[in-house]
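Here the structure is laid out as structure tokens; the discussion comes afterwards.
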Amino acid sequence: MNTTTIDSMVQRKLIEILRILHENQEPIGARLIADRMNERGYPIGERGVRYHLRILDERGLTKRQGYDGRIITERGIRELENALVGDRTGFIITRIENLIYDTTFDLKTGQGNVIINTSIIDKKDTDKTLEVMQHVINEGYSFSPYIKLMEEGTSTSDINIPADKIGIATMCSITIDGILLKNGIPVTPKYGGLLDVKNRKPVGFEEIIVYNGTSIDPMKIFISKKMTRVIDAVDTGSGMLLANLREIPMSSVDEAKKLLKSAMSIGITNITEIGEPGKSVLNAPVDSGKVGVVVYAGTNIMAAVEESGINVKTFPISTIMDFKQLKTF
């Protein structure tokens, strides 16, 4: 069926269903797809999902796997990669904004939901992976030392851990945006980038990607292109780390610093640099009247694991999780 014959809202739902299928390692049914669609801001029931799946089946983009559900086909993957530009643009920032809103962590009580990244590795690589992770955490290049190991068969709102695999949840640095917003500070996630580090100090961003102009999380892009040098930074003090920048109003800087200091005291965040009003931070431009806050990304830990030769599939800005489920190393 030609895409021009399909209503734009239907088209967006079709693309979102393809994304959900592509993110899973195994077949998935209409009920679970409907749950995940609703979590992503698409109000749709199980019956509606079945209608859309029939369209995708007819176009050869999905395939039924018995009673287990659907999988995405190779043609479906190509369609997803070439999805309408208008549909793709802004997808990541929309997802980020939704998760920021859902962040409920309270610095005073130490309770609530935080945003996590989810990574999947082979079960046989668990010991080596934990060793590498510990190495990165010890050197202070992680956003937070809090993690959770998830056994095979575990499902989060958007990912299922397949057989013979282990899932690892690491805290996402966008959590800090949720904390600032919860405390009344307007915050705008601006860039994800590669931060050059020399002598254990950040020098400047070598690459940045604007969140509201990409459909793929910048961290995922940099990791997949093998552009990080986290292990070098850990071992020698010089390397290339993942980091992101958010903007806050200059009038809120003092209050933000208090909140960030409180978060650091309980191991929630590792602030890299706070800029001056309207001035670039580590080579990254900042809007007039705003202040840039740079934080090392939570995905640095798993980027180092991949650099060490372990096969890792990472889903940055994955979902929210109750903080009490995470444990320090």
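Do any residues in the range 247-275 that are assigned by TED's automatic domain parsing to the domain that holds residue 180 have Cβ atoms under 9 Å from those of residues that are among the acidic types (Asp, Glu), where the two are at least six apart or on different chains, and which pairs are they?
247/287; 250/276
Condition (residue is of a type in the set (A, V, I, L, M), outside the structural domain of residue 182 (by TED's automatic domain parsing) and part of a helix (DSSP H, G or I)) applied to the range 54-61: is it met by at least one residue? Break it down stepwise before answering.
Within the range 54-61, the subset of a type in the set (A, V, I, L, M) is 55-56, 61.
Cutting the leftovers down to outside the structural domain of residue 182 (by TED's automatic domain parsing) gives us 55-56, 61.
Filter once more, so that each one left must be part of a helix (DSSP H, G or I): 55-56.
Yes, the conditions are met somewhere in the range 54-61.
Report the residue count in the range 30-50 for those that are closer than 16 Å to residue 11 by Cβ, over 21 Å from the mean Cα position of the chain (by Cα) and not in a loop (DSSP other than H, G, I, E, B).
2
Taking helices (runs of 4 or more DSSP H) that fall entirely within the range 230-309, which contain at least 2 residues that are closer than 19 Å to residue 197 by Cα?
Details: elements: 230-236, 253-265, 300-307.
Qualifying helices (runs of 4 or more DSSP H): 230-236, 300-307.
Within the range 66-101, count every residue that is part of a loop (DSSP other than H, G, I, E, B) and modelled with pLDDT under 80.
Count: 5.
The values are calculated or read from the model by the stated rules, or taken from the named source; none is laboratory data. Quick caveat, the model's predicted, so the values are computed rather than measured. In this analysis, Cβ positions are derived from the backbone assuming ideal geometry, glycine residues included, and neighbour counts consider all displayed protein chains.
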